[in-house]
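The structure appears below as structure tokens.
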Amino acid sequence: MSPRSASVNEELRRRSRERLLQATVELVGEYGYEATKLGDIADRAGAARGLVSYYFPGKRQLLQSAVHRLMHMTLQAALEREPRTEDGDELLARAIDAILGLAREQPRLMRTHMAGILQADGFVRCPEQQRLAQLLRDTVVHYGSPEVDVDYPLLRALLMGAVFAVLLPGAPMPATLLRAELFQRYGLDWERGVPPGGEPPGGTRTSASDQRR
């Protein structure tokens, strides 16, 4: 039997890494961070336990990479769903709804992720985070920002703040209200993206063209 090529080995490593990331999202979402052990993640992924420490320095870094991958995949699916569009307002609306949607659909996972960012190890820069950042930055470009390097980190901060507000234990803010504030800030019509049912709180039916005058 001939040895595997370098490209085949690279693909196998990529798949192993992605299985670990997916298993982390599933287990932490189901059982919480403390109850999820690295061995459990390896078992769920069908991988050797040594692979976890080979790819990631620790559980906190693994979790951040896993959530960044989930956010990237969710955002990409939202931006590329039918009908496909290059309309900057629609793409930004989809991006906002995708991130707020994760906070509603995966509260335990996203709350754990946000708590980890605030700890001593801070923000983990990894390939998954870089792909997420590039996709969000491209969305700002499509929106027509004249200062992308200023507006992209601001949008990122606003989205992180909105997720924190949705997930705040004991005093969560309604996601619809936070959506209305973000849509109003960026001059987005309420009907764009994936609007929740009912009338918009805050009157964001004002057209984007009117907001930008």
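The values are calculated or read from the model by the stated rules, or taken from the named source; none is laboratory data. None of the values given here were measured: they were computed from a predicted structure. Note that each Cβ is placed from the backbone with ideal geometry, even for glycine, and that neighbours are counted across all protein chains shown. Protein only, heavy atoms only, side chains kept; ligands, DNA and RNA dropped before computing areas. Shrake-Rupley method; radii C 1.70, N 1.55, O 1.52, S 1.80 Å.
Taking θ as phi - 60° and the Karplus parameters 6.51, -1.76 and 1.60, the scalar couplings of the range 155-166 work out to 4, 4, 5, 5, 5, 4, x, 5, 5, 4, 5, 5 Hz in sequence order, x denoting glycine and proline. Sorting the segments 110-118, 17-25 by their mean number of nearby beta carbons within 10 angstrom, highest to lowest, gives 17-25, 110-118. Springs join every pair of Cα atoms under 10 Å in this Gaussian network model of the chain, and among Gly88, Gly193, Gly122 the largest mean-square fluctuation is at Gly122.
Averaged per residue, the chain has 53 square angstrom of accessible surface, using a 1.4 angstrom probe with ligands and nucleic acids left out. From most to least packed by mean Cβ count within 10 Å, the peptides 58-65, 5-12, 28-35, 185-192 give 58-65, 185-192, 28-35, 5-12. The 3J(HN,Hα) values that the Karplus relation (6.51, -1.76, 1.60; θ = phi - 60°) gives for the range 47-60 are, in residue order, 10, 5, 5, x, 5, 4, 6, 5, 8, 9, x, x, 5, 5 Hz. Gly and Pro appear as x.
If you split all Cα-Cα distances of the chain into 5 Å bins from zero, what percentages do you get per bin, shortest first? Here the calculated profile for the chain is 1, 7, 14, 17, 18, 14, 11, 8, 5, 3, 1, 1, 0, 0. Could you tell me what percent of the accessible area of the chain is made up of carbon and sulfur, with a 1.4 Å probe and every protein chain present? C and S fraction of accessible area: 54 percent.
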